[in-house]
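Remarks on the structure that follows.
The values are calculated or read from the model by the stated rules, or taken from the named source; none is laboratory data. Predicted model, so just to flag it, every value in this text is computed and none were measured. So basically every Cβ, Gly included, is an ideal-geometry build from the backbone, and we count neighbours across all protein chains shown. For the accessible areas, the whole protein counts, side chains as well, though only heavy atoms, and no ligand, DNA or RNA atoms are used. Shrake-Rupley method; radii C 1.70, N 1.55, O 1.52, S 1.80 Å.
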Amino acid sequence: MSVAVIKYNAGNICSVDYALRRLGVEPVITADENVLRRSERVIFPGVGEAATTMSYLHDSGLDKVIVGLKQPVLGICLGMQLMCRHSEEGDVDGLGIFDAEVKRFVSARHEDKVPHMGWNTIGQTNSALFDGFGREEYVYFVHSYYVPLHDCTAAVTDYIQPFSAALHKDNFYATQFHPEKSGGVGERILRNFLNL
């Protein structure tokens, strides 16, 4: 199976590459439009800042490429947030795949630290990404911004308030958490994505 990981000015690409190789897949890390369009699966990872990254995507033309992809696409963390309509981080418009606003966590109590970092549960899963899951599974998060519950919500986590841990619309899938850092649960999610 041909799998492309989108290469752009964001971190975390190496850990995604390593996670896929553990599953027996040798991905291509690329910003080449033709390679991305021909790949059977595309992963849009991300660790970084929304406005800077969107500026890079615009300048490189990758914004139009991503929106036009027809095969299954998986956005991870910042990748998921950039697939939304707008982000409060840098007050920037995203790709608009999901008609959702990305909000900054506002801590109401001392114990609610921002960023939300570490292991937390996902529940209310309703996407093929989560085939074979029980009621709740633990996955790994690192983020200061979140997507509120939405028509496209595919999994829910509660931290400060309930929010979208995953989104799904048509051929676009996205997780706020990092499947590549979520142990066996994350491997199952990546395998499910590959098997779509």
Those residues of the range 104-134 which are of a type in the set (Ser, Thr, Tyr), open to solvent by less than 30 Å² (accessible area, probe 1.4 Å) and under 14 Å from TYR159 (Cβ atoms), in sequence order: THR121
Failed item in (1) surrounded by fewer than 19 Cβ atoms within 10 Å (Cβ to Cβ); (2) closer than 16 Å to ALA174 by Cβ; (3) in contact with a Phe, Trp or Tyr (Cβ under 7 Å, 6 or more places away or on another chain), with VAL47 passing the rest: (3)
Identity of the residue in the range 85-101, farther than 21 Å from ASP170 by Cβ and of a type in the set (Asp, Glu), that ends up surrounded by the fewest Cβ atoms within 10 Å (Cβ to Cβ): ASP91
Whichever residue in the range 22-44 is basic (Lys, Arg) and closer than 19 Å to THR175 by Cβ and, among such residues, is farthest from the chain's Cα centre (by Cα): ARG22
Pair list, Cβ < 7 Å and 6+ apart or interchain, from the range 66-90 residues that are without any contact (Cβ under 8 Å) to a residue 40 or more places away in the chain to residues that are in a loop (DSSP other than H, G, I, E, B) and small (Gly, Ala, Ser): LEU82/GLY46; LEU82/GLY94; ARG85/GLY94; ARG85/GLY96; HIS86/GLY94
Selection from the range 5-32 of residues that are of a type in the set (Ser, Thr, Tyr) and open to solvent by less than 20 Å² (accessible area, probe 1.4 Å): TYR8, THR30
Test: residue in the range 33-42 that is assigned to a helix (DSSP H, G or I) and open to solvent by less than 10 Å² (accessible area, probe 1.4 Å): yes
Test: residue in the range 174-181 that is at pLDDT 95 or above and surrounded by fewer than 16 Cβ atoms within 10 Å (Cβ to Cβ): no
Qualifying residue in the range 118-132 (condition: closer than 22 Å to GLU89 by Cα, out of contact with any Cys (no Cβ under 6 Å at 6 or more places or on another chain), in a strand (DSSP E or B) and not aliphatic (A, V, I, L, M)): yes
The range 135-155, residues that are part of a strand (DSSP E or B), over 17 Å from ASP99 (Cα atoms) and open to solvent by 20 Å² or more (accessible area, probe 1.4 Å): GLU137, TYR138, TYR140, VAL142
Check on SER55, in a helix (DSSP H, G or I) and within 17 Å of VAL142 (Cβ to Cβ): no
Residues (of a type outside the set (Ser, Thr, Tyr), in a strand (DSSP E or B) and surrounded by fewer than 21 Cβ atoms within 10 Å (Cβ to Cβ)) located in the range 156-167: VAL156, ASP158, GLN161, PRO162
Flag if VAL185 is within 20 Å of VAL73 (Cα to Cα), surrounded by fewer than 21 Cβ atoms within 10 Å (Cβ to Cβ) and free of Cβ contacts under 8 Å to residues at least 60 places away in the same chain: yes
Residue in the range 97-114 that is assigned to a strand (DSSP E or B), hydrophobic (A, V, I, L, M, F, W, C) and touching a Pro at 6+ places or on another chain (Cβ under 6 Å) present: no
